[in-house]
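Read through the structure below, which is laid out as structure tokens, and then see the notes.
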Amino acid sequence: QLQLVESGGGLVQPGGSLRLSCAASGSVFGIYAMGWYRQAPGKQRELVATVTVGGTTNYADSMKGRSTISRDNAKNTVYLQMNSLKPDDSAVYYCNAHQLYSDYRGDHDYDYWGQGTQVTVSS
């Protein structure tokens with residue numbers, strides 16, 4: 001099993017910045033990609049940004065140019081720096097880890113989620 005612990009959410013004024021962190025622990029082998037998703041009240045969970053073990057990144061269009069995702073593979077930690085925040089960015093932000101590995105039992109493909117951290121952008 002793999003556990004994800006998020007930190008860094010909170011209340012910020014429009015135009016402000018926040019940095020989210022997510023640390024993976026437990027069975028951390030084979031983590032191919034880590035990333036962030038968010039869910040606002042009444043809306044579906046949506047992609048914010050992801051980064052693979054090789055450093056390839058993917059951003060939602062709404063976050064391009066305003067956010068930077070990075071990953072410390074040695075610490076099994078992913079970071080999301082968000083700038084120029086808007087009220088529409090308010091949501092619960094969830095960390096995700098996508099684990100891929102093979103063993104004697106075959107191929108394994110798992111998704112893990114953190115408990116979520118609230119980000120509120122308001123004056």
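The values are calculated or read from the model by the stated rules, or taken from the named source; none is laboratory data. Being a predicted model, the structure only gives us computed values, none of them experimental. Please note: Cβ atoms are built from the backbone with ideal geometry, for glycine as well, and neighbour counts cover all protein chains shown. Accessible surface is based on the protein model in full, side chains and every heavy atom, while ligands, DNA and RNA are left aside. Shrake-Rupley method; radii C 1.70, N 1.55, O 1.52, S 1.80 Å.
Surface exposure of the chain, expressed per residue as accessible area with a 1.4 Å probe, stands at 54 Å².
Dipole orientation for the stretch 19-123: of the candidates A23, S90, G116, S90 has the Cα lying most toward the positive pole (charges on Cβ; Lys, Arg +1; Asp, Glu -1). With each label modelled as a point 7 angstrom along the Cα→C-beta vector, the Y32-K75 pair spans 2.6 nm. The convex hull built on the alpha-carbon positions of the stretch 5-123 has an orientation-averaged projected area of 7.6 nm². Restricting the chymotrypsin sites (Phe, Trp or Tyr not before Pro) of the stretch 28-71 to loop positions (DSSP other than H, G, I, E, B) with no more than 16 neighbouring Cβ atoms within 10 Å leaves F29.
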